[in-house]
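Asker: Let me give you the structure first, and then I'll get to my questions.
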Protein chains: 4
Amino acid sequence: MNFGVIGFGYWGPNIVRNLTSIEDSRVLAIAEISSGARKRAQKAYPAIPVIDDAGELIRRTDIDAIAVVSPVWTHYELAKAALLNGKHVFVEKPFTSTAEQGEELIELALKKNLRIMVDHTFLFTGAVKKIRQMVDEDALGKLYYYDSTRVNLGLFQHDVNVLWDLAPHDLSIMDYVIKASPEAVVATGQKHLNSHEDVAFMTLYFPENAIAHINVNWLSPVKVRTTLIGGEKRMLVWNDLEADEKLKVYDKGVQIDNNEGVYDLLVHYRSGDMWSPHLEQVEALRGELTYFVECIASGKDAFNDGCAGLRVVKMLEAASESMSKRGALVYL
Amino acid sequence: MNFGVIGFGYWGPNIVRNLTSIEDSRVLAIAEISSGARKRAQKAYPAIPVIDDAGELIRRTDIDAIAVVSPVWTHYELAKAALLNGKHVFVEKPFTSTAEQGEELIELALKKNLRIMVDHTFLFTGAVKKIRQMVDEDALGKLYYYDSTRVNLGLFQHDVNVLWDLAPHDLSIMDYVIKASPEAVVATGQKHLNSHEDVAFMTLYFPENAIAHINVNWLSPVKVRTTLIGGEKRMLVWNDLEADEKLKVYDKGVQIDNNEGVYDLLVHYRSGDMWSPHLEQVEALRGELTYFVECIASGKDAFNDGCAGLRVVKMLEAASESMSKRGALVYL
Amino acid sequence: MNFGVIGFGYWGPNIVRNLTSIEDSRVLAIAEISSGARKRAQKAYPAIPVIDDAGELIRRTDIDAIAVVSPVWTHYELAKAALLNGKHVFVEKPFTSTAEQGEELIELALKKNLRIMVDHTFLFTGAVKKIRQMVDEDALGKLYYYDSTRVNLGLFQHDVNVLWDLAPHDLSIMDYVIKASPEAVVATGQKHLNSHEDVAFMTLYFPENAIAHINVNWLSPVKVRTTLIGGEKRMLVWNDLEADEKLKVYDKGVQIDNNEGVYDLLVHYRSGDMWSPHLEQVEALRGELTYFVECIASGKDAFNDGCAGLRVVKMLEAASESMSKRGALVYL
Amino acid sequence: MNFGVIGFGYWGPNIVRNLTSIEDSRVLAIAEISSGARKRAQKAYPAIPVIDDAGELIRRTDIDAIAVVSPVWTHYELAKAALLNGKHVFVEKPFTSTAEQGEELIELALKKNLRIMVDHTFLFTGAVKKIRQMVDEDALGKLYYYDSTRVNLGLFQHDVNVLWDLAPHDLSIMDYVIKASPEAVVATGQKHLNSHEDVAFMTLYFPENAIAHINVNWLSPVKVRTTLIGGEKRMLVWNDLEADEKLKVYDKGVQIDNNEGVYDLLVHYRSGDMWSPHLEQVEALRGELTYFVECIASGKDAFNDGCAGLRVVKMLEAASESMSKRGALVYL
């Protein structure tokens, strides 16, 4: 499988490193607009041509698939051109700047029978795979809440606010492990330094009283990457900053005895063992790109395809609208 | 100073223990409605009469002040009766069930020249005192955000939701260390087990782009008590569960260079030393009750007086209204 | 069961509090040499006579058992007098200042059919009980090592070095969970501030290549209470400072394939799940004293009897001898 | 500066990566005995010849310096050959298998005016630099103790025990930050799986009552990298596994008032702020190799020269002797 990679900034080098080391893939060319980044790419990969014109790369007939690793506002144009030129596309998260753009790309890929994969890397980590497996086995029981905190100092981006920068991680994981669609969103946030929100909070209402909450912040003195998931049977904490024991599953919960009347209401707390499963130790991005190569070969859509990317973009659009109206409920 | 204490449930024993050990105060009687709790009180304090009728205690002429340590919905009636009988009152948080009740009590105390203190115990901890001192010295600079997480498994209360149970701590601390009043509130949450929300999130908008956020949860498998405060000059993390080093102050921040146009915008991150100040090691409640005795003696109002309690109740009322409307903005 | 308690310093109040709250025991008198401590005792327990003469208390005929909670160098004289007066004795750790004294007390108790219990409180914690249970079930496999660190700032004692102050905890736990006797001891340490070692390290050789190590320090800026136990099948970490999850059991280990010759030696590491068992939440001292009352009633010796106390004293004596000879091997 | 690198196993790739990226150095050839490692080297560095014969590399006249990154037992032969061929040498830790070998190499380098650097990488980390700076500024005061724990699961080495594998790190750091030489060593340890000790403890006696202790273990279920240093003025904890705040300096200590007689002895504990200095964020190995290139260019010996390496080897030899005699004191 021959790849062209567009963008060699922060994340692009990881894409190229993995695509060159995976058995069934090669990188035929890299396109990058910044001359500094082009120099770094050329030094690291002397055997790969590094050009500035993405269009030239997209038009090469020996390339099967394009990885779009450039800023969000360029995704739609580049992915569209790639699809029109018969290339499969791997697009950085978030998929597109608007839901409309995402829908158009999905339709185009369908028409041309091409694959789209959106880079929701976290879905390929040992932790998220294990959580999904637990949900599949109904180990947690009916979901009560999903609560994620993703804060640190920087990076500020020029083109998007902190929700569009950090929340796609949480929304794509939530979308993967909760087998239901959120019905409505409430978001709040604040701008302090420039024209984009740097602190934001998002609540998502799900059917059957499930609720999700996401806290993202570019101005935190400490880095936090913690997700709590509470279910009827079990609860878990995923702390992605732990070297070992990232995932802790608690045999804890609440049982309620509904006797006659509110004064007879009895809440029992169940406090049992904690269990930290050994997690698969693989580089998530390598697993994801290997899967993309397989999807192209087999002609099957990935679970993190354009539709998955679109669902996240729709939630981001709704959250932005809610945040601009200071917490107004926006239905999805 | 002679005290009567109403309520010997979860918190009452701490009030009695401190009031009996402080030099200038004595407990003349305890009133408690539950016979089991009365037995416990009598065993622990054989020398103090323990009765079931709070009214009897309130009418005793040798008692100067009443501590109301009973459920929220009883605060107003008991405190009002105490004030009408010429007693000073120490009331458990939250002050009252409604802002209207709080206003009436404040007016009554003013008319009768009596003191009201609301039990915002955290304001008397070494950590909160140090944060307040830093704010007073402008060590943090202009405030960007205040973000608190207070989650654990239980306790469920019959009479209030998780916001009214846990958020008064955060709201009273926020009210004490942020020298500005919130303008509006957005709250979201969900009920899972009975008729009260057990998971809730609250955003408060302050003037000049400051924002506060509070995350409270009765269904978390782990206990978290963490507050982040971000300012222009410094940022801090207060983790109340740390045995030592509860407070960490970071010489970290962001500076922005506003050159011409948004594309020249340069954000610099400043990453410096961390400093964990040695905190005063005193029992907060002892300090608070000693201060109450002083306030009564001197005839001066406490900083955690009825007005402080009322400000918190107003925020809780607004938050409840917002939560019932799924995140609608409610002005204060 | 009627108790007399000698000593109301640091630990004595906990003994009295528990003995007065346990169903089948009462405290008839407290003896304490310091007038300040006597005042504190009298204020806390107005109904119990507090005297200065321990001898008077020992001679009272209505007292069944004496708790000796005074400095180490007084244990032998007080316990001996108590036994001679027909009282059962509960003695603070370490049991005695010399092995000879311990042996004499054991013999005396045997002759008079009285019970001795040495206060090895940690054996009654949920963590140590669980470790012992795991050893009983052979969950760890053949023992490789036991390694404990117990360091903090202070307390300096006038009469003993840091080994005699802190190591009895570790030695009594080790003695309880390792079902073998150490063969020899090596100890090193150093004095910095006065005539007693304030930093010390102890190695104990056990049969079949098992080894134990204890690190005690009065001069550490941070408090550490961590024990690692490595076995052939499983390994565990006990961190007593954790509020929850004090005990973590690792399904980790090493397997060795002995093919022909050293160059074919293959070491496999096994890395599996971690499991943190829910521990019993009881006050250890209450459990221990309840057990003492039962032992007296039933006439059976406790597992933490004088013999257990003597084993610890013998290890301390050997360690002191080794330390004074700068690490010389001392056989037990 | 033209380098030849011998060994491309676990650590060699880091040496090559840094030597190829540093401005003033180039790698002309890599020698590696394993064909699998040669393949990995060739794939990663297509432009550098990878050979199996180290001798050939050593004899190349265009090479200025040799990096010896092979097992300990090969260091002496390879370094000697390199020096005899007029090359500077960078040798992996520990320097040599015996002190005698080290002395011979140092003499040879002196005779030929060549530089030896021993790879004590930790001396180039931000944490160790900061500790050394604090010692230089007498911020800690008179040293009381140095206590290091370095434990994890694996790696087992065929040729050396856990002391020779892990303790060189601690010994080289201790040698660098304590400005005194140890006088004698006591070491204990145990073998469980093969013919080398996998658990070991080492005490070093320094002049003026300073003491050092090192705990190394290949059989620990958890990774620990913690060093405590106690001084008269301040104490510090260095936890190398912390992402941030690796170093914490405590304004804590002990003061002793020597009034008349031991009973008047008063020990005061001083408990003040904690301070975590911001540490330089550089790759230590890159700094070390840059410094080596500078030392060669300037003709000056490094502080981590052969003599520094020899001091560590002498301590290891003494410790091995002590351990084989079960803790016998061995003078240095």
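Asker: For region B:196-332, what are Rg and Dmax over the alpha carbons, in angstrom?
Answerer: So, for region B:196-332, Rg and Dmax equal 20.1, 63 Å respectively.
Asker: About the Cα centre of region D:290-332, how large is the charge dipole given +1 on each Lys and Arg Cβ and -1 on each Asp and Glu Cβ? Please answer in debye to the nearest 20.
Answerer: 260
Asker: Using only alpha carbon pairs under 8 Å that are at least six residues apart, calculate the relative contact order of chain D and give it in whole percent.
Answerer: 19
Asker: Using only C-alpha atoms and all pairs of different ones, pull out the Kirkwood radius for region C:269-324 in Å with one decimal.
Answerer: Result for region C:269-324, one decimal place: 15.2 Å.
Asker: Right, here's the next one. Give me the percent of Cα-Cα pairs in region D:37-79 that sit more than 13 Å apart, rounded to a whole number.
Answerer: 63
Asker: Suppose every Lys and Arg Cβ carries +1 and every Asp and Glu Cβ carries -1, with no other charges. What dipole size does chain D come out with about its Cα centre, to the nearest 20 debye?
Answerer: 740
Asker: Hey, for a label at C:Ser298 modelled as a point 7 Å past Cα toward Cβ, could you say which residues of region C:169-210 have their backbone N under 20 Å away?
Answerer: Answer for this model: C:176-177.
Asker: Now a separate question. With a 1.4 Å probe and all protein chains kept in place, how much accessible area does B:His268 have, in Å² rounded to the nearest 10?
Answerer: 80
Asker: Around D:Val282, which amide H atoms from residues at least 5 apart in sequence, or from another chain, sit under 5 Å from its own amide H, with H modelled in the peptide plane?
Answerer: Residues meeting the amide H criterion: D:Gly126.
Asker: Defining the label point at 7 Å along Cα→Cβ, can you sort the distances from A:Lys179 to the same site in each other copy, shortest first, in nm?
Answerer: A:Lys179 label point versus its equivalents elsewhere: 4.6, 5.6, 6.9 nm.
Asker: Which sequence of A:Arg40, A:Arg150, C:Arg286 reflects their accessible areas, 1.4 Å probe, from the largest down?
Answerer: A:Arg40, C:Arg286, A:Arg150
Asker: Simple spin-label model, 7 Å along Cα-to-Cβ: C:Gln281 to B:Asn152 in nm?
Answerer: Result for the modelled spin labels: 0.9 nm.
Asker: Residue-wise, which Karplus ³J(HN,Hα) couplings in Hz belong to region D:10-24, taking 6.51 cos²θ - 1.76 cosθ + 1.60, θ = phi - 60°, and x for glycine or proline?
Answerer: So the J values, rounded to whole Hz, are 7, 9, x, x, 5, 5, 5, 4, 6, 5, 7, 9, 5, 3, 8.
Asker: How large is the Kirkwood hydrodynamic radius of region D:112-156, in angstrom, based on all distinct alpha carbon pairs?
Answerer: 13.9
Asker: Take every DSSP beta bridge whose two residues both sit in the protein assembly as shown, then give the antiparallel share in percent to the nearest 5.
Answerer: 65
Asker: Output, in nm with one decimal and in ascending order, the distances from the B:Ser35 label point to the matching label points of the other copies (7 Å from Cα along Cα-to-Cβ).
Answerer: So the label point of B:Ser35 gives 4.8, 9.0, 9.2 nm to the other copies.
Asker: Okay, next question. For D:Gln133, place a label point 7 Å out from Cα along the Cα→Cβ vector, do the same in each other copy, and report the separations in nm, one decimal, smallest first.
Answerer: 2.7, 4.6, 5.1
Asker: Okay, moving on. Taking region D:1-143 as the region of interest, what is the percent of Cα-Cα pairs per 5 angstrom bin, listed from the shortest bin to the one with the maximum distance?
Answerer: All Cα pairs, binned at 5 Å, distribute as 2, 10, 18, 20, 17, 13, 9, 6, 3, 2, 1 percent.
Asker: Let me ask another. What is the Cα coordinate range of the protein assembly as shown on the first, second and third principal axes, sorted by size from largest, in whole angstrom?
Answerer: The principal-axis extents, from largest down, are 96, 77, 53 Å.
Asker: Still on this structure, I have one more. Give the distance, in whole Å, between the Cα centre of region D:1-37 and the Cα centre of region C:119-154.
Answerer: 47
Asker: Right, something else. Counting only helical runs of four or more DSSP H residues, what would the 222 nm mean residue ellipticity of chain D come to if each run contributes -39,500 (n - 2.57) and the total is spread over all its residues?
Answerer: After summing the helix terms and dividing by residue count, I get -11000 deg cm²/dmol.
Asker: Looking only at region C:125-230, where both bridge partners belong to it, what percent of the DSSP beta bridges are antiparallel (to the nearest 5)?
Answerer: Expressed as a percentage, antiparallel bridges in region C:125-230 total about 75.
Asker: Using modelled backbone amide H atoms (1.01 Å from N, in-plane), which distant-in-sequence or interchain residues come within less than 5 Å of D:Gly231's amide H?
Answerer: When sequence neighbours closer than 5 places are left aside, the close amide H contacts are D:Tyr144, D:Leu236.
Asker: What list of ³J(HN,Hα) couplings, whole Hz, do you get for region D:289-299 from phi and the Karplus terms 6.51, -1.76, 1.60, once you set θ to phi - 60° and write x for glycine and proline?
Answerer: Taking θ as phi minus 60°, the curve returns 5, 4, 5, 5, 4, 5, 4, 4, 4, 8, x Hz for region D:289-299.
Asker: Highest GNM mean-square fluctuation, chain C, Cα pairs closer than 10 Å: which of C:Pro46, C:Pro168, C:Pro94?
Answerer: Evaluated over chain C, the most mobile residue of the options is C:Pro46.
Asker: Which ³J(HN,Hα) values, rounded to whole Hz and listed in residue order, are derived for region C:135-149 from phi using the Karplus coefficients 6.51, -1.76 and 1.60 in 6.51 cos²θ - 1.76 cosθ + 1.60 with θ = phi - 60°, glycine and proline given as x?
Answerer: For region C:135-149, the Karplus-derived couplings read 5, 4, 8, 6, 6, 8, x, 3, 6, 8, 7, 9, 9, 10, 10 Hz, x marking Gly and Pro.
Asker: Please give the per residue volume of the convex hull enclosing the alpha carbon atoms of region B:92-141, rounded to a whole number of Å³.
Answerer: Each residue corresponds to 121 Å³ of Cα convex hull volume.
Asker: Now a separate question. Give the dimensionless ratio obtained when the Cα radius of gyration of region D:191-233 is divided by 2.2 N^0.38 Å.
Answerer: Ratio of Cα Rg to 2.2 N^0.38 Å: 1.53.
Asker: Report the antiparallel proportion of the DSSP beta bridges in region D:37-159 as a percent, rounded to a multiple of 5.
Answerer: Once the DSSP bridges in region D:37-159 are tallied, antiparallel ones form about 0 percent.
Asker: Rounded to the nearest 0.05, what FRET efficiency do B:Asp24 and B:Lys112 give with R0 = 30 Å and r taken as the Cβ-Cβ distance? Could you check?
Answerer: With a Förster radius of 30 Å, E is 0.85.
Asker: Let me ask something else. Please compute the contact order of region C:55-151 in relative form: average sequence separation of alpha-carbon pairs under 8 Å and at least six residues apart, divided by the residue count, as a percent.
Answerer: In percent, rounded to a whole number, it is 22.
Asker: Which log10 I(q)/I(0) values, to two decimals, does region D:1-58 give at q = 0.20 Å⁻¹ under the Debye formula with one point per Cα?
Answerer: Relative scattering, expressed as log10 I(q)/I(0), comes to -0.63.
Asker: Compute the normalised compactness of region B:56-132: alpha-carbon radius of gyration over 2.2 N^0.38 Å, N being the residue count.
Answerer: Cα Rg divided by the expected 2.2 N^0.38 Å: 1.16.
Asker: May I ask which residue of chain D has the beta-carbon nearest to the axis carrying chain D onto chain C, and at what distance in whole Å?
Answerer: Nearest Cβ to that rotation axis, in whole Å: D:Gly327, 2.
Asker: For a distance above 24 Å, tell me the whole-number percent of Cα pairs in region C:85-177 that qualify.
Answerer: Percent of Cα pairs beyond 24 Å in region C:85-177: 37.
Asker: Based on the Kirkwood radius over alpha-carbon pairs, what is the Stokes-Einstein translational diffusion coefficient of region B:144-251 at 25 °C with 0.890 mPa s viscosity, in µm²/s?
Answerer: 168
Asker: Same structure again: With only Lys, Arg, Asp and Glu charged, each at its Cβ (+1 for the first two, -1 for the last two), find how big the charge dipole of the protein assembly as shown is about the Cα centre; round to the nearest 20 debye.
Answerer: For the protein assembly as shown, the charge dipole is close to 0 debye.
Asker: Continuing with this model, one more query. Around D:Ser70, which amide H atoms from residues at least 5 apart in sequence, or from another chain, sit under 5 Å from its own amide H, with H modelled in the peptide plane?
Answerer: Those qualifying (amide H under 5 Å, at least 5 residues apart or on another chain) are D:Glu92.
Asker: Using the reciprocal of the averaged 1/r over all distinct C-alpha pairs, how large is the Kirkwood radius of chain A in Å?
Answerer: 21.2
Asker: Turning to a different aspect of this structure: Over all residues in A:178-185, what is the mean tally of Cβ atoms on other chains that come within 10 Å of each residue's Cβ?
Answerer: Counting other chains' Cβ atoms within 10 Å and averaging over A:178-185 gives 1.
Asker: Sticking with this one: Roughly speaking, what is the centre-to-centre gap between region D:295-309 and region C:157-233 when only Cα atoms are used, to the nearest Å?
Answerer: 41
The values are calculated or read from the model by the stated rules, or taken from the named source; none is laboratory data. Just so you know, these numbers come straight off a predicted model, no measurement behind them. FYI the Cβ positions are ideal-geometry reconstructions off the backbone, even for glycines, and counts take in every protein chain you see. Keep in mind that these areas ignore ligands, DNA and RNA; they rest on the heavy atoms of the full protein, side chains included. Shrake-Rupley method; radii C 1.70, N 1.55, O 1.52, S 1.80 Å.
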